[in-house]
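The values are calculated or read from the model by the stated rules, or taken from the named source; none is laboratory data. These figures come from a predicted structure and were not determined experimentally. All Cβ positions, glycine included, derive from the backbone under ideal geometry; neighbour counts span all protein chains shown. Quick note on the areas: whole protein, heavy atoms, side chains included, nothing else; ligands and nucleic acids left out. Shrake-Rupley method; radii C 1.70, N 1.55, O 1.52, S 1.80 Å.
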Amino acid sequence: MQLMKVDRARLQRTMDRMSEVGATPNGGVHRLALDDKDREARDLLKAWCEEAGFPMRIDRIGNMFAQREGRSAERPPILIGSHLDSQPMAGRFDGAVGVLTALEVLRTLDDHRVVTECPIELVNWTNEEGARFRPPLLASGVFAGVYDLDFALAQQDDAGCTIAEELARIGYAGTQAPTAPIGKYIEVHIEQGTVLEQAEVTIGNVTGVVGIRDTKVTVIGEDVHAGPLPMHLRRDALVGAAKMVLAANETGLANAPDARATIGRLAVPSNSHSVVPGRVEMVLDVRHPEAGGIEALQAELEERFREIAAERKLEVLVEEIWSYPPIEFDADLRACIGAAAEAHGYPHMELCSRAGHDAWNIARIAPAAMIFIPCRGGISHNEREFAEEEHIAAGADVLLAAALAASAAC
Ligand SMILES: [Zn+2]
(Lines give C-alpha, C1' and ligand atoms only; values in the text may rest on other atoms or scores of the structure.)
Protein backbone atom coordinates (compact mmCIF):
# COMPACT_ATOMS: atom_id res chain seq x y z
CA MET A 1 0.00 0.00 0.00
CA GLN A 2 1.31 3.45 -0.93
CA LEU A 3 1.43 5.64 2.18
CA MET A 4 0.81 9.26 1.37
CA LYS A 5 -0.59 11.93 3.63
CA VAL A 6 -2.97 14.67 2.58
CA ASP A 7 -2.13 18.36 2.96
CA ARG A 8 -3.73 19.03 6.34
CA ALA A 9 -3.44 22.80 6.18
CA ARG A 10 -5.04 22.94 2.73
CA LEU A 11 -7.84 20.61 3.84
CA GLN A 12 -8.51 22.80 6.88
CA ARG A 13 -8.54 25.98 4.77
CA THR A 14 -11.03 24.31 2.43
CA MET A 15 -13.23 23.23 5.38
CA ASP A 16 -13.07 26.74 6.87
CA ARG A 17 -14.01 28.42 3.60
CA MET A 18 -16.95 26.05 3.03
CA SER A 19 -18.11 26.67 6.61
CA GLU A 20 -18.61 30.34 5.71
CA VAL A 21 -21.38 29.39 3.27
CA GLY A 22 -24.65 29.61 5.20
CA ALA A 23 -22.74 30.24 8.45
CA THR A 24 -24.92 30.64 11.57
CA PRO A 25 -24.10 32.78 14.63
CA ASN A 26 -22.99 29.83 16.79
CA GLY A 27 -20.53 28.23 14.39
CA GLY A 28 -22.89 26.03 12.38
CA VAL A 29 -24.39 26.23 8.89
CA HIS A 30 -27.90 26.52 7.48
CA ARG A 31 -27.76 25.14 3.92
CA LEU A 32 -30.97 23.42 2.96
CA ALA A 33 -31.00 21.37 -0.23
CA LEU A 34 -31.17 23.57 -3.35
CA ASP A 35 -31.57 26.86 -1.46
CA ASP A 36 -29.35 29.87 -2.25
CA LYS A 37 -26.68 28.77 0.23
CA ASP A 38 -26.61 25.25 -1.21
CA ARG A 39 -26.10 26.89 -4.60
CA GLU A 40 -23.21 28.93 -3.20
CA ALA A 41 -21.66 25.76 -1.70
CA ARG A 42 -22.06 23.95 -5.02
CA ASP A 43 -20.53 26.87 -6.95
CA LEU A 44 -17.55 26.87 -4.61
CA LEU A 45 -17.01 23.11 -4.94
CA LYS A 46 -17.35 23.35 -8.72
CA ALA A 47 -14.79 26.18 -8.87
CA TRP A 48 -12.32 24.27 -6.69
CA CYS A 49 -12.65 21.09 -8.77
CA GLU A 50 -12.31 22.94 -12.06
CA GLU A 51 -9.33 24.97 -10.85
CA ALA A 52 -7.63 21.69 -9.97
CA GLY A 53 -8.40 20.30 -13.44
CA PHE A 54 -11.29 17.98 -12.58
CA PRO A 55 -14.24 18.92 -14.80
CA MET A 56 -17.62 18.93 -13.07
CA ARG A 57 -20.54 16.97 -14.45
CA ILE A 58 -24.09 17.34 -13.15
CA ASP A 59 -26.79 14.72 -13.50
CA ARG A 60 -30.53 15.29 -13.88
CA ILE A 61 -31.17 15.18 -10.13
CA GLY A 62 -28.34 17.65 -9.44
CA ASN A 63 -25.72 15.18 -8.19
CA MET A 64 -22.24 16.62 -8.87
CA PHE A 65 -19.32 14.50 -10.12
CA ALA A 66 -15.67 15.51 -10.62
CA GLN A 67 -13.43 12.84 -12.02
CA ARG A 68 -9.66 12.43 -11.87
CA GLU A 69 -8.77 10.14 -14.74
CA GLY A 70 -7.11 6.78 -14.23
CA ARG A 71 -4.91 4.65 -16.46
CA SER A 72 -7.94 2.97 -17.96
CA ALA A 73 -10.88 5.08 -19.12
CA GLU A 74 -13.01 1.96 -19.54
CA ARG A 75 -12.93 1.05 -15.87
CA PRO A 76 -15.73 2.41 -13.69
CA PRO A 77 -14.55 4.96 -11.11
CA ILE A 78 -13.93 4.62 -7.39
CA LEU A 79 -16.53 7.10 -6.15
CA ILE A 80 -15.76 9.12 -2.98
CA GLY A 81 -17.82 11.88 -1.40
CA SER A 82 -20.93 12.74 0.61
CA HIS A 83 -23.27 15.78 0.73
CA LEU A 84 -23.10 19.57 1.21
CA ASP A 85 -26.72 20.19 2.25
CA SER A 86 -27.49 20.51 5.97
CA GLN A 87 -30.32 20.29 8.45
CA PRO A 88 -31.75 23.67 9.59
CA MET A 89 -29.28 25.57 11.84
CA ALA A 90 -27.02 22.52 11.92
CA GLY A 91 -23.34 21.61 12.00
CA ARG A 92 -20.62 22.43 9.49
CA PHE A 93 -19.11 18.91 9.45
CA ASP A 94 -22.03 16.58 8.64
CA GLY A 95 -21.61 15.84 4.93
CA ALA A 96 -19.03 18.53 4.16
CA VAL A 97 -16.26 16.40 5.72
CA GLY A 98 -16.98 13.63 3.19
CA VAL A 99 -17.04 15.90 0.14
CA LEU A 100 -14.01 17.98 1.11
CA THR A 101 -11.82 15.03 2.18
CA ALA A 102 -12.66 13.58 -1.26
CA LEU A 103 -11.50 16.82 -2.91
CA GLU A 104 -8.31 16.72 -0.81
CA VAL A 105 -7.69 13.14 -1.97
CA LEU A 106 -7.89 14.24 -5.63
CA ARG A 107 -5.60 17.19 -4.97
CA THR A 108 -3.07 15.02 -3.11
CA LEU A 109 -3.01 12.46 -5.93
CA ASP A 110 -2.17 15.35 -8.26
CA ASP A 111 0.54 16.69 -5.92
CA HIS A 112 2.24 13.29 -6.05
CA ARG A 113 1.49 12.76 -9.77
CA VAL A 114 -0.06 9.39 -8.98
CA VAL A 115 -1.58 7.46 -11.87
CA THR A 116 -4.35 5.26 -10.50
CA GLU A 117 -5.75 2.21 -12.29
CA CYS A 118 -9.37 3.31 -12.11
CA PRO A 119 -10.57 6.90 -12.27
CA ILE A 120 -11.19 8.39 -8.80
CA GLU A 121 -14.33 10.50 -8.76
CA LEU A 122 -15.73 12.96 -6.22
CA VAL A 123 -19.49 13.12 -5.66
CA ASN A 124 -21.81 15.59 -3.91
CA TRP A 125 -25.25 14.00 -3.53
CA THR A 126 -28.37 16.19 -3.69
CA ASN A 127 -30.78 16.31 -0.73
CA GLU A 128 -29.15 13.85 1.63
CA GLU A 129 -30.74 15.43 4.68
CA GLY A 130 -34.39 15.37 3.68
CA ALA A 131 -34.96 18.52 5.73
CA ARG A 132 -36.45 20.59 2.92
CA PHE A 133 -37.52 17.85 0.49
CA ARG A 134 -38.53 14.41 1.68
CA PRO A 135 -37.50 11.62 1.68
CA PRO A 136 -33.85 11.93 2.79
CA LEU A 137 -31.06 10.25 0.75
CA LEU A 138 -33.20 11.08 -2.26
CA ALA A 139 -30.70 11.61 -5.07
CA SER A 140 -28.34 8.79 -4.12
CA GLY A 141 -31.55 6.75 -4.10
CA VAL A 142 -32.28 7.81 -7.67
CA PHE A 143 -28.68 6.95 -8.62
CA ALA A 144 -29.08 3.48 -7.05
CA GLY A 145 -32.50 2.85 -8.62
CA VAL A 146 -34.38 3.05 -5.31
CA TYR A 147 -36.49 6.03 -6.54
CA ASP A 148 -37.68 7.04 -10.01
CA LEU A 149 -36.22 10.27 -11.33
CA ASP A 150 -39.69 11.71 -12.01
CA PHE A 151 -40.81 10.92 -8.46
CA ALA A 152 -37.73 12.70 -7.09
CA LEU A 153 -38.06 15.75 -9.35
CA ALA A 154 -41.71 16.19 -8.32
CA GLN A 155 -41.04 16.31 -4.55
CA GLN A 156 -42.14 19.63 -3.04
CA ASP A 157 -40.92 21.67 -0.08
CA ASP A 158 -43.40 23.18 2.41
CA ALA A 159 -43.83 26.22 0.13
CA GLY A 160 -44.82 24.01 -2.83
CA CYS A 161 -41.56 24.41 -4.82
CA THR A 162 -40.52 21.22 -6.58
CA ILE A 163 -37.01 19.83 -6.81
CA ALA A 164 -37.19 20.23 -10.60
CA GLU A 165 -38.01 23.95 -10.27
CA GLU A 166 -35.33 24.55 -7.65
CA LEU A 167 -32.65 22.67 -9.62
CA ALA A 168 -33.46 24.86 -12.65
CA ARG A 169 -33.54 28.05 -10.52
CA ILE A 170 -30.09 27.50 -9.01
CA GLY A 171 -28.54 26.23 -12.26
CA TYR A 172 -28.00 22.60 -11.26
CA ALA A 173 -30.51 20.79 -13.49
CA GLY A 174 -27.87 18.72 -15.26
CA THR A 175 -28.27 16.68 -18.40
CA GLN A 176 -26.36 13.54 -17.51
CA ALA A 177 -28.35 10.35 -16.82
CA PRO A 178 -28.85 10.07 -13.04
CA THR A 179 -27.03 6.78 -12.80
CA ALA A 180 -23.72 5.38 -14.05
CA PRO A 181 -21.62 2.28 -13.46
CA ILE A 182 -19.28 2.68 -10.50
CA GLY A 183 -16.55 0.38 -9.26
CA LYS A 184 -16.69 1.06 -5.52
CA TYR A 185 -17.93 3.77 -3.16
CA ILE A 186 -16.25 5.10 0.01
CA GLU A 187 -17.70 7.87 2.20
CA VAL A 188 -16.07 9.68 5.13
CA HIS A 189 -18.50 11.04 7.72
CA ILE A 190 -18.56 12.22 11.32
CA GLU A 191 -19.87 9.45 13.56
CA GLN A 192 -22.75 11.50 15.05
CA GLY A 193 -22.48 9.24 18.11
CA THR A 194 -20.00 8.74 20.96
CA VAL A 195 -18.56 5.27 20.32
CA LEU A 196 -15.24 6.51 18.86
CA GLU A 197 -14.87 9.36 21.34
CA GLN A 198 -15.44 7.11 24.34
CA ALA A 199 -13.01 4.51 23.01
CA GLU A 200 -10.50 7.30 22.13
CA VAL A 201 -10.26 5.90 18.61
CA THR A 202 -9.66 8.07 15.53
CA ILE A 203 -11.05 5.92 12.71
CA GLY A 204 -14.32 4.03 12.65
CA ASN A 205 -14.47 1.22 10.10
CA VAL A 206 -18.22 1.04 9.54
CA THR A 207 -19.61 -2.48 9.30
CA GLY A 208 -23.00 -1.41 8.00
CA VAL A 209 -26.01 0.80 8.60
CA VAL A 210 -28.95 -0.07 10.82
CA GLY A 211 -32.37 -0.55 9.26
CA ILE A 212 -34.77 2.37 9.70
CA ARG A 213 -38.55 2.44 9.37
CA ASP A 214 -40.60 5.64 9.61
CA THR A 215 -44.35 5.39 10.06
CA LYS A 216 -47.05 8.05 10.25
CA VAL A 217 -49.16 7.55 13.36
CA THR A 218 -52.51 9.36 13.39
CA VAL A 219 -54.46 9.46 16.64
CA ILE A 220 -58.14 10.36 16.26
CA GLY A 221 -60.51 11.46 19.01
CA GLU A 222 -62.91 14.38 18.92
CA ASP A 223 -62.35 18.15 18.88
CA VAL A 224 -64.50 19.73 21.59
CA HIS A 225 -64.61 23.01 23.54
CA ALA A 226 -62.19 22.94 26.47
CA GLY A 227 -64.90 24.23 28.84
CA PRO A 228 -68.37 22.67 28.84
CA LEU A 229 -67.67 18.93 28.31
CA PRO A 230 -66.75 17.07 31.54
CA MET A 231 -63.25 15.66 31.63
CA HIS A 232 -64.32 12.01 31.70
CA LEU A 233 -66.23 12.35 28.40
CA ARG A 234 -63.33 13.72 26.41
CA ARG A 235 -61.62 11.79 23.62
CA ASP A 236 -58.38 13.74 23.79
CA ALA A 237 -56.04 12.61 20.98
CA LEU A 238 -53.07 14.54 22.38
CA VAL A 239 -53.25 12.75 25.72
CA GLY A 240 -53.27 9.44 23.83
CA ALA A 241 -50.37 10.63 21.66
CA ALA A 242 -48.40 11.68 24.75
CA LYS A 243 -48.78 8.17 26.18
CA MET A 244 -47.60 6.75 22.83
CA VAL A 245 -44.49 9.00 22.91
CA LEU A 246 -43.69 7.59 26.35
CA ALA A 247 -44.40 4.04 25.14
CA ALA A 248 -41.96 4.48 22.25
CA ASN A 249 -39.28 5.70 24.63
CA GLU A 250 -39.89 2.87 27.12
CA THR A 251 -39.84 0.23 24.39
CA GLY A 252 -36.59 1.64 22.97
CA LEU A 253 -35.02 1.55 26.46
CA ALA A 254 -36.31 -1.96 27.13
CA ASN A 255 -34.61 -3.21 23.96
CA ALA A 256 -31.20 -1.61 24.63
CA PRO A 257 -28.51 -1.42 23.39
CA ASP A 258 -29.51 -2.06 19.75
CA ALA A 259 -33.00 -0.56 19.51
CA ARG A 260 -33.95 3.06 18.86
CA ALA A 261 -37.56 4.28 18.90
CA THR A 262 -38.35 7.98 18.52
CA ILE A 263 -41.34 10.22 17.98
CA GLY A 264 -39.75 13.48 16.83
CA ARG A 265 -42.48 15.05 14.73
CA LEU A 266 -45.92 15.81 16.06
CA ALA A 267 -48.72 18.01 14.68
CA VAL A 268 -51.94 19.02 16.42
CA PRO A 269 -54.18 20.40 13.63
CA SER A 270 -56.56 22.23 16.03
CA ASN A 271 -53.63 23.70 18.00
CA SER A 272 -55.85 26.01 20.00
CA HIS A 273 -55.77 26.78 23.73
CA SER A 274 -59.52 26.25 24.06
CA VAL A 275 -59.95 23.07 22.00
CA VAL A 276 -59.47 19.54 23.32
CA PRO A 277 -57.38 18.08 20.47
CA GLY A 278 -59.32 15.62 18.36
CA ARG A 279 -56.49 14.70 16.04
CA VAL A 280 -52.71 14.30 16.31
CA GLU A 281 -50.36 13.29 13.50
CA MET A 282 -46.87 12.10 14.40
CA VAL A 283 -43.95 10.17 12.96
CA LEU A 284 -42.48 7.12 14.65
CA ASP A 285 -38.85 6.32 13.72
CA VAL A 286 -37.63 2.81 14.60
CA ARG A 287 -34.01 1.61 14.10
CA HIS A 288 -32.27 -1.71 14.63
CA PRO A 289 -29.18 -3.45 13.13
CA GLU A 290 -31.24 -6.55 12.26
CA ALA A 291 -34.28 -6.75 9.99
CA GLY A 292 -36.01 -9.03 12.51
CA GLY A 293 -35.34 -6.46 15.25
CA ILE A 294 -37.15 -3.74 13.28
CA GLU A 295 -40.16 -6.03 12.75
CA ALA A 296 -40.30 -6.97 16.43
CA LEU A 297 -40.01 -3.36 17.66
CA GLN A 298 -42.61 -2.13 15.20
CA ALA A 299 -45.06 -4.93 16.14
CA GLU A 300 -44.57 -4.30 19.87
CA LEU A 301 -45.13 -0.57 19.47
CA GLU A 302 -48.20 -0.91 17.29
CA GLU A 303 -49.67 -3.24 19.92
CA ARG A 304 -48.97 -0.69 22.69
CA PHE A 305 -50.48 2.10 20.58
CA ARG A 306 -53.67 0.08 20.02
CA GLU A 307 -53.97 -0.61 23.75
CA ILE A 308 -53.50 3.06 24.60
CA ALA A 309 -56.06 4.08 21.97
CA ALA A 310 -58.61 1.53 23.22
CA GLU A 311 -58.22 2.68 26.85
CA ARG A 312 -59.01 6.27 25.88
CA LYS A 313 -61.67 5.53 23.22
CA LEU A 314 -59.41 6.81 20.43
CA GLU A 315 -58.63 5.47 16.99
CA VAL A 316 -55.04 4.98 15.82
CA LEU A 317 -53.89 4.59 12.22
CA VAL A 318 -50.33 3.51 11.35
CA GLU A 319 -49.02 3.92 7.78
CA GLU A 320 -45.46 3.31 6.57
CA ILE A 321 -43.72 6.39 5.12
CA TRP A 322 -40.44 4.76 4.19
CA SER A 323 -38.33 1.84 5.21
CA TYR A 324 -34.66 1.00 4.66
CA PRO A 325 -33.36 -2.47 5.42
CA PRO A 326 -30.12 -2.91 7.40
CA ILE A 327 -27.10 -2.92 5.06
CA GLU A 328 -23.75 -4.63 5.54
CA PHE A 329 -20.77 -2.93 3.90
CA ASP A 330 -18.34 -4.67 1.55
CA ALA A 331 -15.85 -6.95 3.32
CA ASP A 332 -12.95 -6.22 0.92
CA LEU A 333 -13.36 -2.46 1.23
CA ARG A 334 -13.59 -2.73 5.00
CA ALA A 335 -10.33 -4.68 4.92
CA CYS A 336 -8.76 -1.87 2.81
CA ILE A 337 -9.94 0.73 5.36
CA GLY A 338 -8.65 -1.30 8.31
CA ALA A 339 -5.28 -1.81 6.61
CA ALA A 340 -5.08 1.89 5.70
CA ALA A 341 -5.74 2.99 9.30
CA GLU A 342 -3.23 0.43 10.55
CA ALA A 343 -0.55 1.57 8.08
CA HIS A 344 -0.97 5.17 9.23
CA GLY A 345 -0.92 4.15 12.88
CA TYR A 346 -4.38 5.61 13.54
CA PRO A 347 -6.31 3.77 16.26
CA HIS A 348 -9.30 2.16 14.55
CA MET A 349 -12.28 -0.02 15.38
CA GLU A 350 -15.35 -1.49 13.74
CA LEU A 351 -18.76 -0.01 14.51
CA CYS A 352 -22.24 0.09 13.06
CA SER A 353 -23.85 3.31 11.78
CA ARG A 354 -27.13 4.22 13.45
CA ALA A 355 -27.88 7.05 11.04
CA GLY A 356 -28.80 6.74 7.36
CA HIS A 357 -26.17 7.74 4.80
CA ASP A 358 -25.93 7.85 1.01
CA ALA A 359 -23.56 4.86 1.19
CA TRP A 360 -26.58 2.86 2.27
CA ASN A 361 -28.23 3.41 -1.11
CA ILE A 362 -25.03 2.96 -3.10
CA ALA A 363 -24.32 -0.35 -1.32
CA ARG A 364 -27.26 -1.77 -3.30
CA ILE A 365 -25.45 -1.31 -6.63
CA ALA A 366 -21.73 -1.47 -5.82
CA PRO A 367 -19.33 -2.50 -3.07
CA ALA A 368 -19.53 0.36 -0.55
CA ALA A 369 -18.03 1.30 2.80
CA MET A 370 -17.75 4.21 5.21
CA ILE A 371 -15.04 5.76 7.36
CA PHE A 372 -16.22 7.48 10.55
CA ILE A 373 -14.31 10.09 12.51
CA PRO A 374 -15.17 11.20 16.07
CA CYS A 375 -17.77 13.86 16.68
CA ARG A 376 -17.52 15.75 19.99
CA GLY A 377 -20.11 14.57 22.51
CA GLY A 378 -21.99 12.78 19.73
CA ILE A 379 -23.72 16.12 19.03
CA SER A 380 -24.86 16.47 15.42
CA HIS A 381 -27.67 18.21 13.49
CA ASN A 382 -26.80 21.08 15.83
CA GLU A 383 -24.68 24.23 15.47
CA ARG A 384 -22.42 22.88 18.24
CA GLU A 385 -21.38 19.87 16.13
CA PHE A 386 -17.58 19.63 16.15
CA ALA A 387 -14.86 17.43 14.67
CA GLU A 388 -11.14 17.89 15.40
CA GLU A 389 -8.88 19.08 12.59
CA GLU A 390 -6.52 16.13 13.14
CA HIS A 391 -9.38 13.64 12.96
CA ILE A 392 -10.63 15.11 9.67
CA ALA A 393 -7.11 14.87 8.26
CA ALA A 394 -6.80 11.27 9.51
CA GLY A 395 -10.10 10.44 7.79
CA ALA A 396 -8.74 11.94 4.56
CA ASP A 397 -5.47 9.97 4.87
CA VAL A 398 -7.38 6.72 5.31
CA LEU A 399 -9.76 7.59 2.47
CA LEU A 400 -6.76 8.24 0.21
CA ALA A 401 -5.05 4.95 1.06
CA ALA A 402 -8.29 2.95 0.87
CA ALA A 403 -9.23 4.50 -2.49
CA LEU A 404 -5.77 3.68 -3.86
CA ALA A 405 -6.01 0.08 -2.64
CA ALA A 406 -9.53 -0.23 -4.06
CA SER A 407 -8.37 1.23 -7.37
CA ALA A 408 -5.48 -1.25 -7.59
CA ALA A 409 -7.89 -4.12 -6.97
CA CYS A 410 -10.61 -2.96 -9.35
ZN1 LIG B 1 -24.61 13.46 6.66
Practice prompt. Return the only residue of ILE294, ILE327 being touching a helix residue (DSSP H, G or I) at 6+ places or on another chain (Cβ under 6 Å) and closer than 30 Å to PRO367 by Cα.
Written response: ILE327
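Filter region 312-334 for residues that are aliphatic (A, V, I, L, M), under 23 Å from the mean Cα position of the chain (by Cα) and surrounded by 15 or more Cβ atoms within 10 Å (Cβ to Cβ) and give the result. Please lay out each step first, then the result.
First, pick out the residues of region 312-334 that are aliphatic (A, V, I, L, M): 314, 316-318, 321, 327, 331, 333.
Subsequent filtering for residues that are under 23 Å from the mean Cα position of the chain (by Cα) retains 321, 327, 331, 333.
Matches in region 312-334: ILE327, LEU333.
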Worksheet item: Could we say that ASN205 is closer than 30 Å to CYS118 by Cβ and polar (S, T, N, Q) here?
Response: yes
Item to complete: Go through region 272-363 and tell me which helices (runs of 4 or more DSSP H), entirely inside it, have 1 or more residues that are within 16 Å of the ligand (Cβ to nearest atom) and within 30 Å of ALA402 (Cα to Cα).
Response: 358-362
Practice prompt. Identify all residues within region 18-43 that are of a type outside the set (A, V, I, L, M, F, W, C), outside any helix (DSSP H, G or I) and open to solvent by less than 20 Å² (accessible area, probe 1.4 Å); write none if there are none.
Written response: GLY22, THR24, GLY28, ARG31
Worksheet, complete the sentence: Selection from region 184-200 of residues open to solvent by 20 Å² or more (accessible area, probe 1.4 Å) and among the aliphatic types (A, V, I, L, M) yields VAL195, ALA199
Item to complete: Considering (1) at pLDDT 95 or above; (2) open to solvent by 30 Å² or more (accessible area, probe 1.4 Å), say which one LEU3 fails and leave the rest.
Response: (1)
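Could you say which residue among GLY338, GLY345 is at positive phi and not β-branched (Val, Ile, Thr)? Give the steps one after another, and end with the answer.
Working: GLY338 fails: at positive phi.
Of the residues listed, the single one that is at positive phi and not β-branched (Val, Ile, Thr) is GLY345.
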Worksheet, complete the sentence: The number of residues in region 122-170 that are without any contact (Cβ under 8 Å) to a residue 60 or more places away in the chain and touching a Gly at 6+ places or on another chain (Cβ under 7 Å) is 1
Worksheet item: Which of the residues belonging to region 218-270 are in a loop (DSSP other than H, G, I, E, B) and polar (S, T, N, Q)?
Response: ASN255, SER270
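One line per residue, one yes/no per condition, for (1) modelled with pLDDT of 95 or more; (2) surrounded by 24 or more Cβ atoms within 10 Å (Cβ to Cβ); (3) closer than 20 Å to PRO181 by Cα:
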site	(1), (2), (3)
ALA96	yes, yes, no
LEU100	yes, yes, no
THR108	yes, no, no
HIS112	yes, no, no
THR116	yes, no, yes
PRO119	yes, no, yes
VAL123	yes, yes, yes
LEU138	yes, yes, yes
Fill in: Near pairs, Cβ below 8 angstrom, 6+ apart or cross-chain, from region 172-197 (under 24 Å from ALA47 (Cβ atoms) and modelled with pLDDT under 95) to any residue that is more than 16 Å from the ligand (Cβ to nearest atom) and part of a loop (DSSP other than H, G, I, E, B)
ALA180/PRO76
Response to the item:
Output for Cβ contacts, cut-off 7 Å, separation at least six or different chains, first residue closer than 14 Å to ARG279 by Cβ and open to solvent by less than 60 Å² (accessible area, probe 1.4 Å) in region 228-251, second part of a loop (DSSP other than H, G, I, E, B) and of a type in the set (Lys, Arg), reads VAL239/ARG312; GLY240/ARG312
Response to the item:
With the first residue restricted to region 289-311 and required to be open to solvent by 60 Å² or more (accessible area, probe 1.4 Å), and the second required to be part of a helix (DSSP H, G or I) and not polar (S, T, N, Q), Cβ contacts under 7 Å at 6 or more apart or on different chains are ARG304/ALA247
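Look at LYS46 and say whether it is open to solvent by 20 Å² or more (accessible area, probe 1.4 Å), touching a strand residue (DSSP E or B) at 6+ places or on another chain (Cβ under 8 Å) and more than 14 Å from LEU100 (Cβ to Cβ).
Values: open to solvent by 20 Å² or more (accessible area, probe 1.4 Å): yes; touching a strand residue (DSSP E or B) at 6+ places or on another chain (Cβ under 8 Å): yes; more than 14 Å from LEU100 (Cβ to Cβ): no.
Spelling it out, it is not the case that LYS46 is open to solvent by 20 Å² or more (accessible area, probe 1.4 Å), touching a strand residue (DSSP E or B) at 6+ places or on another chain (Cβ under 8 Å) and more than 14 Å from LEU100 (Cβ to Cβ).
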Worksheet item: With SER72, SER82, SER19 as the choices, which residue is in contact with a strand residue (DSSP E or B) (Cβ under 6 Å, 6 or more places away or on another chain), among the polar types (S, T, N, Q) and touching a residue at least 12 places away in the same chain (Cβ under 8 Å)?
Response: SER82
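Tell me whether region 378-386 contains one or more residues that are part of a helix (DSSP H, G or I) and more than 16 Å from the ligand (Cβ to nearest atom).
We begin by selecting, within region 378-386, every residue part of a helix (DSSP H, G or I); these are 378.
Now drop any that are not more than 16 Å from the ligand (Cβ to nearest atom), which leaves none.
No, region 378-386 has no match at all.
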Item to complete: Return the residue satisfying two criteria in turn: it lies in region 336-355 and is open to solvent by 60 Å² or more (accessible area, probe 1.4 Å) and under 24 Å from the mean Cα position of the chain (by Cα), and of such residues it is modelled with the lowest pLDDT.
Response: ARG354
